[in-house]
Amino acid sequence: MKTRNIRSLICGVICLSFSAFFFFGAAFVSGDLKNRTPFAIELYSPQGLEVSIAQASPLTERGGFAAASPGEKVQAADGAKGRSVLAYCQMTTANYGAYANLQFSEGQYFSDDASAEHAAVIPESLSKELFAGRSGKKTLYINGTEFAVCGVYKDDGVLVQLGSAKLPVIYRNGSENSDAPTEHLLIGADAAKTAEQQVQETAVTMRAPLEGEIKDLGRLHQLGDSILLLGFFFAGLWFILRLCIFSYQKLIAAYECKEHTSQRGFQAFLGAGALALALFGFALLLQLVRIPAVYLPENNIFDFPYYGRQILRGIQQMNTDCRIKDFSRICAFYLCAETVSLILGVPLFWAGCQSLRWGFLDK
Amino acid sequence: MKNSKQFAVRMAAALFIILALCIVLAHRIEILLLTEVRTVTVPPAIRMEDGSTVVKVSPACIFTNRNGQPCVMLLQRREGTWGTELYVAETSVQIYSADYDFCFLEGNLEGQTLAIYPSRSLSDDETVRCVEE
């Protein structure tokens, strides 16, 4: 084997390895998006929805939703050593932790039973800052009021902190008499229903009009999967293209071959067979393109300004002043990271395949 | 002369392959651009106190036709160029009663599949694709 061929083979293996790295990266990001953000429809109103946390709490199980109040900046102190930290505090229903996909390193989210006492859930970073080296029951003072810490959730990683405005977020339970408004609802997503339908059903359960900004995070999870599949589609196009080129070469060779009829027939058969295989493979590969209708332009799939506007909207979402826990902003970051991984992974895959082909060809 | 003929044959072969690929692509794009609908099966009819038989459906199943009359979109199958396809048939209905939760319709709709929550407005005889499929 010639040195040039070996060089091509090595180059091909390196490109394919990097490509695999980026594809695995994209798959990880897509999976992590589902872990870090809820599979839910978020109904958000900065002025507050026309229902209080206390009113929403008894209906959460029947309605399949969780609620949280607007956040406020508070002083969180440990009481014993007098250390105090600025943090955000949100009052939530007892099932909010499960809906928001919080992952716990200690304890768990407060339960309905804890409504009689003041209970709070704090992030790991705050726990380290206030209770480092201390074990046993933790007591937290929020603006001077005593709360029992029943759980510590993980908030490590850069992407997880998106939207929390660089301040730790404390979740606390609400009392039955509290009239704190609901800032956002997380309604468990159902793939067979539209976001509007689910919001309408929740409004019926709550017997209150629900008007606010609807963000379908479940569809964004679906979009993450679609983008990954689109990456596989573009990677697979290399094989279709090669088959088409092979078919073209064989068909032309059959046309130009004037000597033996049998050889000519064989070339034509190879060419036609390769073309049929390419078309069949292309049709199969196109099944990977599964973009939900809500993300497609109405009549013209080649409406590139439409896609441009969608991308710009995503970028604007990342640049906006973030809310305490802005799930759609987190989704925008994750989806952009996944897209960039695939934009790098696909050309590397093509380059790797091409280099391997050159390496195996005895030229 | 020979070279130009060869060139023409090569171009024709390349064009043929490209067109064949475009046909496959166009078919997929056509499916992607169809109006996406969700479906609901009409439950068994119930008899009201005044003796009339009605079916209970979600208000989202009710559309308004060109004459401003209420109608539903029945999901049906037909043979198209590329095999079986789904389309909607506009069917006028009489509303017995309606509230925020449910709508009671007169007529024999029991067991029929209705299109609900389309991705854009539907028209009679329009080919659609189901989210579930």
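Viscosity 1.306 mPa s, temperature 10 °C: Stokes-Einstein D of region A:302-345 from its Kirkwood Cα radius, in µm² per second? Result for D is 140 µm²/s.
Compare each residue of region A:252-276 in its chain alone against the assembly with all protein chains, and report those whose accessible area goes down by 20 Å² or more; 1.4 Å probe, heavy atoms. By number: A:Ile252, A:Tyr255, A:Glu256, A:Leu275.
Over all distinct Cα-Cα pairs of region B:36-132, the Kirkwood formula returns a hydrodynamic radius of 14.0 Å. Along the axis of the charge dipole computed for the protein assembly as shown (Cβ charges of +1 for Lys and Arg, -1 for Asp and Glu, origin at the Cα centre), the listed residues B:Leu21, A:Leu335, A:Leu162 are led at the positive end by B:Leu21.
Straight Cα distances below 23 angstrom link B:Lys5 to the lysines A:Lys250, A:Lys258, with same-chain residues fewer than 8 positions distant left out. Taking the accessible area of chain B, probe 1.4 Å, and keeping the other protein chains in place, the carbon and sulfur fraction comes to 54%.
Remark: region A:128-271 projects, on average over all directions, an area of 18.6 nm² (convex hull of Cα atoms). For the protein assembly as shown, the ratio of Cα radius of gyration to the globular rule of thumb 2.2 N^0.38 Å stands at 1.28. Among the chymotrypsin sites (Phe, Trp or Tyr not before Pro) found in region A:300-357, those both in a DSSP coil and sparsely packed, with 16 or fewer other Cβ atoms within 10 Å of their Cβ, are A:Phe302.
Placing unit charges on each Cβ (+1 for Lys and Arg, -1 for Asp and Glu) gives the protein assembly as shown a dipole about its Cα centre, and among A:Ala27, A:Gln108, A:Leu43 the Cα reaching farthest toward its positive end belongs to A:Ala27. What percentage of all Cα-Cα pairs in region A:40-188 are separated by more than 21 Å? Cα-Cα pairs in region A:40-188 separated by more than 21 Å: 40 percent. Between 0 and 90 degrees, the angle of helix A:304-319 with respect to the longest Cα principal axis of chain A falls at about 40 degrees. Can you give the FRET efficiency to the nearest 0.05 for B:Ser52 and A:Asn299, using r as the Cβ-Cβ distance and R₀ = 45 Å? For R0 = 45 Å, the calculated efficiency reads 0.60. Taking A:Phe147, A:Phe246, A:Phe21 in turn, the Gaussian network model of chain A (Cα-Cα springs below 10 Å) assigns the largest fluctuation to A:Phe246.
Only lysines eight or more places from A:Lys73 in sequence, or on another chain, were considered; those with a Cα closer than 19 Å are A:Lys166, A:Lys325.
Dividing the Cα radius of gyration of region A:1-84 by its Kirkwood radius returns 1.38 for Rg/Rh. Of the trypsin sites (Lys or Arg not before Pro) found in region A:1-62, the ones in coil according to DSSP and having at most 16 other Cβ atoms within 10 Å of their Cβ are A:Lys2.
Taking only protein heavy atoms and a 1.4 Å probe, the accessible area of chain A is 59% carbon and sulfur. Highest GNM mean-square fluctuation among A:Phe304, A:Phe104, A:Phe23, for chain A modelled with Cα contacts below 10 Å: A:Phe304.
Using a loss threshold of 30 Å², tell me which positions in region A:288-305 are less accessible in the complex than in their chain alone. Probe radius 1.4 Å, ligands and nucleic acids ignored. When all protein chains are present, A:Val289, A:Ala293, A:Leu296, A:Glu298, A:Ile301 each give up 30 Å² or more of accessible surface. Under Stokes-Einstein, with the Kirkwood radius over Cα pairs as Rh, the value for region A:209-250 at 25 °C and 0.890 mPa s is 183 µm²/s. May I ask for the angle, rounded to the nearest 10°, between helix A:327-360 and the longest principal axis of chain A, with both axes built from Cα atoms and the value confined to 0 to 90°? Helix A:327-360 and the main axis of chain A meet at about 20 degrees.
Label-to-label distance for A:Lys166 and A:Ser105 is 2.1 nm, based on points extended 7 Å past Cα in the beta-carbon direction. The angle between the Cα long axis of helix A:195-206 and the main principal axis of chain A comes to about 20°, on a 0 to 90 degree scale. Remark: region A:85-153 carries 45 Å² of accessible area per residue (probe radius 1.4 Å; ligands, DNA and RNA excluded). Size descriptors for region A:287-363, from the alpha-carbon set: Rg then Dmax equal 18.1, 61 Å. Taking both sides together, the accessible area buried where A meets B is about 2700 Å² for a 1.4 Å probe. Normalised by the number of residues in region A:182-283, the mean separation of alpha-carbon contacts (under 8 Å, six or more apart) gives a relative contact order of 20 percent.
Entry comment: accessible area of chain B is 60 Å² per residue, from protein heavy atoms only and a probe of 1.4 Å. A dipole drawn for chain A from +1 and -1 charges on Cβ atoms has a positive end, and of A:Ser226, A:Ala191, A:Ser125 the residue lying farthest that way is A:Ser226. Contact order, relative form, for region A:40-188: 42 percent (alpha carbon pairs under 8 Å, 6 or more residues apart, mean separation divided by residue count). Sparsely packed loop sites in region B:5-93 (the GluC sites (Glu not before Pro) outside DSSP H, G, I, E and B with at most 14 other Cβ atoms within 10 Å) comprise B:Glu49. Within chain A, the longest run free of GluC sites (Glu not before Pro) that sit in a DSSP loop with at most 16 other Cβ atoms within 10 Å is A:1-116. For region A:10-53, the Stokes-Einstein estimate of translational diffusion at 20 °C and a viscosity of 1.002 mPa s comes to 152 µm²/s, using the Kirkwood hydrodynamic radius over alpha-carbon pairs.
Here the dipole of the protein assembly as shown is about 3200 debye; that uses its Cα centre as origin and unit charges on the Cβ of Lys and Arg (positive) and Asp and Glu (negative).
The values are calculated or read from the model by the stated rules, or taken from the named source; none is laboratory data. Fair warning: this is a prediction, and the values are worked out from it, not measured in the lab. Positions of Cβ are generated from backbone atoms using ideal geometry, with glycine treated the same way; all protein chains shown enter the neighbour counts. Note: areas computed on protein heavy atoms with side chains; ligands, DNA, RNA excluded. Shrake-Rupley method; radii C 1.70, N 1.55, O 1.52, S 1.80 Å.
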